[in-house]
Structure formats: structure tokens, C-alpha cells
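The values are calculated or read from the model by the stated rules, or taken from the named source; none is laboratory data. Because the structure is a prediction, the values reported are computed rather than measured. Quick reminder, even Gly has a Cβ in these numbers, built from the backbone with ideal geometry, and neighbours come from all protein chains shown. The accessibility values were calculated without ligands, DNA or RNA, using every heavy atom of the protein model including side chains. Shrake-Rupley method; radii C 1.70, N 1.55, O 1.52, S 1.80 Å.
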Amino acid sequence: MTQETSLAAAVAALRAGGVIAYPTEAVWGLGCDPDDATALTRLLDLKRRDPAKGVILVAADIAQLAPWLEGLDDARRQALAEPRDTPTTWLVPDNGRAHPLVRGEHDRVALRISDHPLVAALCRAFGGPIVSTSANRAGEPSAMSADEIHAVFGEGPGGELDAVLDGPLGGHDRPSTIRDLVTGRVLRD
């Protein structure tokens, strides 16, 4: 399967309410449509993740995050849009746009702009941000390859995932830094 065909299959799965796996900057991720309650519930069930924790949304650019940024001043938007040496997830005050399963028990929503070419292409083809959470069961190590994804979750009929977008990781050795956009405080380095 070519990368183009694989990308099209992943986008089709997202649009159909599916859960996919894809490489991110440092680890493999699981994703779904952040507005699809059934897909969000299924993703959290696959991970065995407590819904109170929430999940990250990843986008190709700041324009894709605009609905979640309404109400923020220009300086904060600019801080979020500035390129960083390491992937950075920003905790942004929830303006009511985030689905409760995305936000979890928090009053903030976690947003990241990815410079990983495959993640950015996926978000562009989908037409907006997608969920990005590590591809693993709760408490287990994150998957680092498509082979590990297939071993843990499987794909297609008989598997738990609707599509796997194969490709390389982004070359970082740790998941994204998490920072609060309002306070600047680092919650995960």
C-alpha cells in the first residue's frame, strides 16, 4: 500500500467514526474525530484510559485550531503558533468548544501543532485536528513501530483499529512538552 493510499484509508476511517494509529514526533499515536462521541469512547476503551484524563488534539496549523482559540488574545495565539525546537502541547482555557471526553475533568483543552509531515498531511486531508494520544494500553509502554501497533491492537476485520497510517516517527526521543498557555508553567518536560 502506498503512503497516499494509506493516508486516504486513514482519513476515510476517521470520517466513518473509526480509530486509527499513526506515527507522531516521538511515539505512535491513536486518533479519531474529536467531535465524534462514539469514536472518542471507543478510543478511550481501547487504551483503557480514564476518561477524566482527557486527550490531546493535534493539528497541521493554527488555523485548524481556531474554534478552540476563540476568546484568546493575540499574544497567546502567537505563543501557541511559534515554532519550537521540541513538540509542545499547550493547555488552553476551554471556551466550550471541546467535547467533554477531549477535555476530561479539566477546564483546559490540550492542543498541539505538529510539524511531523505525516501528521500534518493527515490533519490537512481530514480537514481539521484529530485526537492524539499515545498508542498503548494504560500503564504500558507506547508503541514505537507499526509492528508493535499490529501486535497490541490489530487492524481491520478481527483487529481493534480501523486503519494504520504507516511511516517513520519524527525523530524526537520524548513525547511533547506540555505547557499551560496562560501561566507558562511546564507540566511535562
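For the reader, a short list of remarks on this structure follows.
- Within the range 83-115, restricting attention to residues that are open to solvent by 10 Å² or more (accessible area, probe 1.4 Å) and among the β-branched types (V, I, T), the residue that is farthest from L65 (Cα to Cα) is T86.
- Members of the range 67-78 that are exposed (fewer than 15 other Cβ atoms within 10 Å of the Cβ) and part of a helix (DSSP H, G or I): P67, D74, A75, Q78
- Residue match in the range 116-125 (condition: open to solvent by 30 Å² or more (accessible area, probe 1.4 Å) and in a loop (DSSP other than H, G, I, E, B)): no
- Number of the condition not met by A163 [criteria: (1) open to solvent by 70 Å² or more (accessible area, probe 1.4 Å); (2) among the small types (G, A, S); (3) modelled with pLDDT of 95 or more]: (1)
- When the test is whether a residue is part of a helix (DSSP H, G or I), over 26 Å from L181 (Cβ atoms) and over 13 Å from the mean Cα position of the chain (by Cα), A10 passes it.
- For the range 147-175, a tally of residues being in a loop (DSSP other than H, G, I, E, B) and closer than 14 Å to I20 by Cα returns 10.
- Test: residue in the range 50-65 that is among the acidic types (D, E), outside any strand (DSSP E or B), exposed (fewer than 15 other Cβ atoms within 10 Å of the Cβ) and without any contact (Cβ under 8 Å) to a residue 24 or more places away in the chain: no
- Scope the range 23-43; condition open to solvent by less than 10 Å² (accessible area, probe 1.4 Å) and among the hydrophobic types (A, V, I, L, M, F, W, C); matching residues: A26, W28, L30, C32, A39, L40, L43
- Meets criteria (of a type outside the set (D, E, K, R) and touching a Ser or Thr at 6+ places or on another chain (Cβ under 7 Å)) for V109: no
- Residue check, V109 closer than 26 Å to A52 by Cα and within 15 Å of the chain's Cα centre (by Cα): yes
- Flag if I130 is among the β-branched types (V, I, T), more than 22 Å from A16 (Cβ to Cβ) and touching a residue at least 24 places away in the same chain (Cβ under 8 Å): no
- Residues of the range 102-114 satisfying the condition of being without any contact (Cβ under 8 Å) to a residue 60 or more places away in the chain and among the charged types (D, E, K, R): R103, E105, D107
- Among all residues of the range 31-46, there is at least one that is closer than 13 Å to V164 by Cβ and outside any helix (DSSP H, G or I).
- Scanning the range 126-146 for residues that are under 13 Å from L169 (Cα atoms) and outside any strand (DSSP E or B) yields a total of 6.
- Filter pass, L14 being open to solvent by less than 10 Å² (accessible area, probe 1.4 Å) and farther than 23 Å from L169 by Cβ: no
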